[in-house]
Amino acid sequence: MTFISLIFSIFIMEELVGIARKTIEDFFKTSNSKIKSDKKFQDRRGVFVTIHSYPDNELRGCVGFTTPEYPLYEAVQKASIEAAFHDNRFLPLTKDELDKVVFEVSILSLPEVLNGTPDKRIENIEKDKDGLIIEYGIRKGLFLPQVWEDIPDKKQFLEALCWKAGLTPDYVFDKNTKLYKFNVKAFKEFEPKGKIIEIGFKKK
């Protein structure tokens, strides 16, 4: 999973965070959400854009793609627009909020299916490092590794993931439930329009 760290340098990640903010700034200037392309960012990666209020760090929107559906440059723009305006947990972001929020970009490794017995699958989840996806039929939920900061207990983390997918916690142990794990490379603004920093994850 270390390929993410090797490929995505701090300079690339800084630029991607800048693209996330600029996409929303441009929308408020032109009301145009047309997606632009750039030959420099043609690699296809899963990506999430997260928006937090500043300075209280409350979630304001988080949307993305778990699999490499789009070239990275386009994926960041699409995810930014969705996070700002179409995360159904929140009202659309307003222009007045732009100086009161920070943008964060997470690049995902390819999700890896967790096999074996339910207990074995849970054992193979690395706390503070792995993001998780749960699937059962049409129901699906995802937590980025950043969520460990708010839910540090593995049992509670899995329970909350189930509830997010519209499932009860016992579905973790259902043989028909699919669990995937992934890692991320993540950077965010330290403050609105400010310095861009890497998000560190605790080592197991």
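The values are calculated or read from the model by the stated rules, or taken from the named source; none is laboratory data. Only a predicted model underlies this, so the values are computations on that prediction, with no experimental measurement involved. Here the Cβ is made from the backbone with ideal geometry for all residues, glycine too, and neighbour counts use every protein chain on show.
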Does K40 meet the test of being modelled with pLDDT of 95 or more, surrounded by fewer than 16 Cβ atoms within 10 Å (Cβ to Cβ) and either assigned by TED's automatic domain parsing to the domain that holds F143 or not polar (S, T, N, Q) (or both)?
no
Single residue of the range 161-200 satisfying the filter (assigned to a loop (DSSP other than H, G, I, E, B) and within 14 Å of the chain's Cα centre (by Cα)) that is modelled with the lowest pLDDT
I199
Hey, V101 of a type in the set (A, V, I, L, M), in the same structural domain as I12 (by TED's automatic domain parsing) and buried (at least 19 other Cβ atoms within 10 Å of the Cβ) or not
yes
